[in-house]
Each structure stands twice: as C-alpha cells, then as structure tokens.
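Here is the structure we will look at.
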Amino acid sequence: MATRSEIGAVYAGAVVQGIVLVAFPAVSSIFTSAAHFHLSNTEYGGMFVPQAITAILASLLGAGLTRKIGGKRVLLLGLAADFISMALLFCSQFAIGTPLAYFALLAATACLGVGFGFVVPSLNTFTAAFFPQKVDQSILTLNALLGLGTALAPIFATIFVGLGFWWGLPLLMGVLTALLIVFALRLPLHDEAAPAANAARVKMPARFWLYAAFALVYGVCETMNGNWSTVYMANSLKASITLSSIALTVFWATVTGGRVLFAAIEHWVSERVVFRALPALLAVAFIAIACVPASQPVLAIFAFGLAGLGCSALLPLVISFGQGELVSMRAAVAGALIGFYQMGYGIAAFGVGPLQASAGLGLNGIYRASAGVAIALTVVAFLIASASTREKA
C-alpha cells in the first residue's frame, strides 16, 4: 500500500509538471515581442515541434524502460529533463539577438517533451496502482492537479513579466523541480504496476486505434487553446498582456475545475455521458471564440473558459477507459495515448503558422475550423462510450 509521502510526491509531481508544461505558452508575449526574442508565428509554433517529437518518443518508450529500470527511475528521468528544460529557458535570455537564442529554446522544448513523456504516464500508472478500486476518479483527481499547475503557470508569468524579469518563472520551476527530485529520491515509490508491464509486448487490439484517434484529435483541440490563446488575444483582438494571460489562466482553471467537478458528481452523472457531451461543448466554444468582436476581447476570456470546461475531463477519461478496456496492454495504455495526444499537440502547435501563411487564414478562421475538429472528436467519443460493456481486448 502506498504511503502518504508517495502519494504526496505523485500529486506534487502533477502540479509541478503542469506549471512546467505551460511555462512556454505562458510567456509567449516575450517570445513574440520585438524587444525580446521577436519570433514570428511560424517560429513560435516551430518552437514546440521538438517537444512533440520527444514527448511521443518518451511516452512510447516509457513502458519498455519501466520494465528495465522501474517506474521510479523513469519518473526521476522525466523530472531531470524538466529541470534541464527550465535551465535552458532561463539561460536563453543571455543569447537574445543571436541565432543561439532560438536553438536554446528548441533544446529547452525538446527536454520538456522528454519530461512530459516520461512523467505524465508514470504519474497515471502510479495513481492507478495506488487506488485500484477507484481508478477513474483517482486519475481525474491527478489530472485536476496537473490542470492546477497549468492554471498557475500564466499567473506566475504575469507576475514575473510585470516585475520586469520574465525569467523568474523558469528559475522558480527549476528550483521546485530540483526539490521534488530530492524528495522523490528518498521514497521507495514501489512500482506496483511493473509486473503488468510485460503486457506492453502484446499486439495492440483493434479498439486501441479508436482511443488513439481520440487522443490525437483531442491534442489538436486542447493545443489550439493552450498554445494559441495568448497570441490570438494579443494579435487578433489587440488585448493587453494582462488580458491575454487571464484568458490562458481561465482556460486552464476551467480545465482543472471541470476535472474536479466531474470527479465529484460521478455518482449522479455517468462518466460516459460526460465523455460524449464535452466535445460538443468544445465545438460551441470554438465558434464563440471565432465570433468575438475585436473591440470586445474580454468576451474571449469567457469563451476560452467554456473551451476549458469542454476539454476538462476528456484526456483523463480516455486514459482510464482505455486502461479499463484494453487489459492486454493496460500498462502501456497511458504512455501510448499520451504519445498520440502529443502528435495532435505537434500538429496544432506548428500547423497554425504555415496554415496562416499558405491559406491566408486569420486565427479567428482557424478557430472556426477547429469547431469541425471538435465535432469529429464528438463522433469518436460516441464510438468509444457507446459500447454497453467494456469488452476485454
């Protein structure tokens, strides 16, 4: 049975990983500002390509690595990569005005991808092992804490940017990550799911690809809000840095609040009902975002809040549903789905800039098109959740 310290370390890891994950989008105004890095939209989006690639590789390799060195070591490797990412982001300020600055940012996001790809599946696996009788609820709780971290990141960024030293965010997170590594090193963190890791060698069932499609399309939808909201607010709606940061904070705050809410009401509202309804709500939110008048940027904050609610429970639920149904590969489900989620992340993070350049679309047009992507997500959600029983693949 897990100790309080082990559970605390896993939950603290979720909050820290959430902050680190959103550290880059949270300071997007610094990256695109002429006074700092002066990146174009294409360069800004391209900055996240290494993150997507390394996150996919790390999440897909994580199950095999866990068999060899154990879940604790995989978690520690991920946290170490997060630490290096924050260190590189901090050091990039000293290279502003030279090509080295962009290379430092690319290296930083690559390390972040490794951290995310190792840490998040490990945390999900540990949580499922710690609470085997209530896996769905415990994973929702874990992801609510991850969401709490993502909501805190733009708040910290606004504070540090306002004080005149944006690099305070990576400095703070580097220190917190280092402290968490030291704390986790002292714990046994028994990987109770390790024996099941051999299941990762089993051929993937046909139903897995439905889950994978959902994770990929969801990654596109989430990233359109998580990575592009501040750029959309600042460039298309001419909002201030503060309002742009508030929009990102509200998005992640409602992601977190939704996860808490749906975990709390699971006895009254079926998780499968929630799973079917949220993508449709997300489609409505995308249309609302696209229709916000340029003179009313405050309205976009409410629209991004609606989008956060639409995103909230989808990723943790598809992971827990997958672990419940695909028992022949249960130990590998979290990592595999995180990998496909990161593919969607990469598509949306990098694809927006070239799409604007080639098709002449503004961000509002891309948000309008994203509503169609959310509708496709709704269809896949119904295919996953409509099964009357979870067939054991």
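Bear in mind that the values in this text are calculations on the coordinates, not laboratory data. Keep in mind that this is a model prediction, so the values were computed, not measured. No Cβ is skipped: glycine too gets one built from the backbone with ideal geometry, and neighbour counts run over all protein chains shown.
For the reader, a short list of remarks on this structure follows.
- Short-range pairs are left out: with C-alpha atoms under 8 Å and at least six residues apart, the relative contact order of the chain is 26 percent.
- Sequence-separation-based contact order of the range 79-159, relative, with Cα cut under 8 Å and 6+ spacing, percent: 25 percent
- GNM top mover of V175, V27, V135 - the chain, alpha-carbon springs below 10 Å: V175
- Placing +1 on the Cβ of every Lys and Arg and -1 on the Cβ of every Asp and Glu, with no other charges, gives the chain a dipole of roughly 560 debye about its Cα centre.
- Summed side-chain charge close to S5 - residues other than S5 whose Cβ falls under 15 Å, Lys, Arg +1, Asp, Glu -1: +2
- Cα-based shape type of the range 4-385, given that a ≥ b ≥ c are square roots of the gyration tensor eigenvalues and the cut on a/c is 1.5: oblate
- If you run the Gaussian network model on the chain, springs between alpha carbon atoms under 10 Å, then out of A277, A34, A55 the most flexible one is A34.
- Lys pairs, the chain - Cα-Cα below 30 angstrom, 8 or more residues apart or on other chains: 9
- Helical segments meeting 18 Å axial Cα length and Kyte-Doolittle 0.0 threshold in the chain (DSSP H): 4-26, 49-69, 71-91, 99-130, 135-163, 168-185, 208-226, 241-264, 271-290, 297-311, 330-359, 363-385
- Loop sites in the range 259-324: chymotrypsin sites (Phe, Trp or Tyr not before Pro), DSSP, at most 13 other Cβ within 10 Å: W268
- Sequence-separation-based contact order of the range 246-392, relative, with Cα cut under 8 Å and 6+ spacing, percent: 36 percent
- Burial order of peptide ranges 141-148, 78-85 (average beta-carbon count within 10 Å, highest first): 141-148, 78-85
- Charge tally in the Cβ shell below 14 Å around Q356, where Lys, Arg are +1 and Asp, Glu are -1, Q356 excluded: 0
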